[in-house]
Amino acid sequence: MEKINSFVLNITVGIIDRLYFGRDYQRFWVLEEIARAPYFAFLSVLHLRESLGLRGPEHLYLMKEHFTQSVNETEHLEYMESRGGNTYWIDRFFARHLVLVYYWINVVYYWISPRNAYHLSYEVEVHAATTYAKYLAINGPDERILEILNDELKHGHELLKAMEMI
């Protein structure tokens, strides 16, 4: 499944990178809009499992982590909005439709195979950190982008820990 995750991610990234070439903040906004979906999906499935009496020992920890991650991604989204990332309706239309599909894929994926769902999200976080690092290398220092890059790396480590827990 990890090879499939990487394959699908690479195709998706290629499409988004082409669509948003030269439009960094719009691309970042789309990516941050999408980045929240797995955490919302993970929380939804964890709540459902809890309601069905399927709570495991790691349950509360994972719920807290995913809630914190979703809030952090929302802060990134708001920053990209402040930089004009959501100015154009087509970007909002594209991101909001893509996020609906991605959310439901993550719900099903997390229910069936949480470890593989975490792996996909880990790959997305690594891609996000790489994207921000490339931006900084080309455009010079930007404290807020560097902070977001570090947050993405932190989320990646948290996802690795979640994979180990389940």
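Computed quantities for the displayed model
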{"item": "Expected 222 nm ellipticity per residue - DSSP helices of 4 or more, -39500 (n - 2.57), all of the chain, to 500", "result": "-29500 deg cm²/dmol"}
{"item": "Of every Cα-Cα pair in segment 2-165, the percent that sits beyond 26 Å", "result": "25 percent"}
{"item": "Residue exposure sequence - W89, W29, W111 - by fewest surrounding Cβ within 10 Å", "result": "W89, W111, W29"}
{"item": "Rg(Cα)/(2.2 N^0.38 Å) for segment 77-147, N = residue count", "result": "1.36"}
{"item": "Helix runs (DSSP H) in the chain reaching 30 Å along axis by Cα, Kyte-Doolittle at least -0.5", "result": "89-112, 114-139, 143-165"}
{"item": "Rel. contact order, % - alpha carbon contacts under 8 angstrom, at least six apart, segment 2-165", "result": "30 percent"}
{"item": "Fewest-first sequence of I16, I112 by Cβ atoms within 10 Å of each Cβ", "result": "I112, I16"}
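Values in this text are rule-based calculations from the coordinates and carry no lab data. What you see is a predicted model; the values in this text were computed from it and never measured. Neighbour counts run over all protein chains shown; Cβ positions are idealised from the backbone, glycine included.
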